[in-house]
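Every read-out reported here was derived from the displayed coordinates using simple, explicitly stated rules and does not represent laboratory data. Here the structure is a predicted model, which is why all the values come from computation and not from measurement. Don't worry about glycine lacking a Cβ; one is built from the backbone with ideal geometry, like all the others, and counts go over all protein chains shown.
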Amino acid sequence: MSKGRIFSGMQPSGKFHLGNYMGALENWVKLQNDYECFFSIVDLHALTSAYADTSKIPENIYNMALDWLSAGLDPEKNVIFVQSKVKEHAELHLLLSMMTPLSWLERVPTYKDKLQQLGAQGKDINTYGFLGYPELMTADIILYKAGFVPVGEDQLPHLELAREITRRFNNLYSPIFPEPQGLMSEAAVLPGIDGRKMSKSYGNTIPFASSPDELRERVRMIITDPQRIKKTDKGNPDVCVAFKFHKLFNKEEIVEIDQACRSASIGCVDCKKRLAEKMVHIMGAMHVRRQEYEGKPEKIREILEAGTERARKVAAATMEEVREAMHL
Ligand code: ADP
Ligand code: NA
């Protein structure tokens, strides 16, 4: 039996990487067996930063769907759909925006941080939609009356706000929405090949779409103990980025690798070769699935259309209740 309903979404940025997989998708693939899941490619959210050039959106949506399917999301078990194709997201967002105090939105920490960060780069991103991001996120979740949202720690303030907005709606009109609960994932933050957090903004990613050879090439570039120059130097795994990867992808050999590094019986090149082969193996099933879908845009379009159709039904039913509660 299902433990409840989940909503989660991801922006189609076109640069899905292994960190995104480890931090979110891997967890979704597990959750799909226990929950009724709505997974949305949230292209409207992508407009908060990409409104000036929207030409890549269709291609990015296609690639994100391909990434999700390769990762093992099952289009039969889950409702996989494109946010902008379900117009009720925009409608509910508008209605929620009427009843949300501006101060609630302005105090979201990520809003203040991003504003400072981007303002420093001279980018004028302080648009109405950018401020209203959590408002749209709230609409996304409650439109499906989702009880659960998988979140990382960084998203907790957004979820708290979503719960507040939901309570406000329920108090003002009619208690039709469950207050969404966070499902905390224990996913580790994956470092990039340079040791900072893997992020598309740092250019340090391992693209999730990498072929086995591309994967080997990126792994070869992972930085190791900077003090270790020659193969005969003894290494320190504690400061080695490749070792962090071994911890995540090669747990079985971790003790042996640790010893071999400290005693210089294995060099960094060979150590990373072993890591690469392990990762190629782990990603094998995903690579096979990708090849099944690749070059079949028709198949992907069908999956997204079927998902969108299922999402629309639920969304339309919710909006009828909302309209009635609000006398619209
Ligand atoms: P990026 O940092 O590349 O811009 P996003 O902010 O678009 O990535 O993140 C999308 C999802 O992937 C979020 O759920 C985020 O927590 C997760 N994520 C991103 N980078 C990592 C990482 N290096 N390790 C684990 N999870 C990550
Ligand atoms: Na980010």
So in the chain, what percent of DSSP beta bridges are antiparallel if you round to the nearest 5?
10 percent
How high is the relative contact order of segment 205-328, given as a whole-number percent (alpha carbon pairs under 8 Å, six or more residues apart)?
24 percent
What 222 nm value per residue comes from the helices of the chain, counting each DSSP H run with n ≥ 4 as -39,500 (n - 2.57) and dividing by all residues, nearest 500 deg cm²/dmol?
-16000 deg cm²/dmol
Normalised contact order of segment 212-282, rounded percent, pairs of Cα under 8 Å and 6 or more residues apart
41 percent
Just tell me, in residue order, which DSSP H segments of the chain are both 18 angstrom or longer along the helix axis (alpha-carbon based) and at least -1.0 in mean Kyte-Doolittle hydropathy.
57-71, 156-172, 268-282, 297-325
Past the 22 Å Cα-Cα mark, which pairs from 30/200; 230/251; 3/145; 3/278; 15/114?
30/200; 230/251; 3/278
Extension gain from residue 94 to residue 282, taking 0.36 nm per residue of separation minus the Cα-Cα distance:
63.3 nm
How big is the gap, in Å, between the Cα center of segment 143-212 and the Cα center of segment 223-252?
31 Å
For segment 217-328, what does the alpha-carbon gyration tensor say about shape, rounded, prolate or oblate, given a ≥ b ≥ c as the root eigenvalues, a/c under 1.5 as rounded, and a/b over b/c as prolate?
prolate
Sites excluded, chymotrypsin sites (Phe, Trp or Tyr not before Pro) in DSSP loops with at most 13 other C-beta within 10 Å, longest stretch of the chain:
52-201
For the chain the mean separation of alpha carbon contacts under 8 Å (6+ apart) over residue count, i.e. relative contact order in percent, is 23 percent
Cβ-based net charge around residue 108, under 12 Å, with every Lys or Arg adding one and every Asp or Glu removing one:
-3
According to the square roots a ≥ b ≥ c of the eigenvalues of the Cα gyration tensor, what is the shape class of the chain, taking rounded for a/c under 1.5, prolate for a/b larger than b/c otherwise, and oblate for the remainder?
prolate
Once a ≥ b ≥ c are taken as the square roots of the eigenvalues of the Cα gyration tensor of segment 39-191, is the result rounded (a/c under 1.5), prolate (a/b larger than b/c) or oblate (a/b not larger than b/c)?
rounded
Taking amide H atoms as placed 1.01 Å from N in the peptide plane, list the residues 5 or more away in sequence, or in a different chain, whose amide H sits under 5 Å from that of residue 151.
183, 184, 185
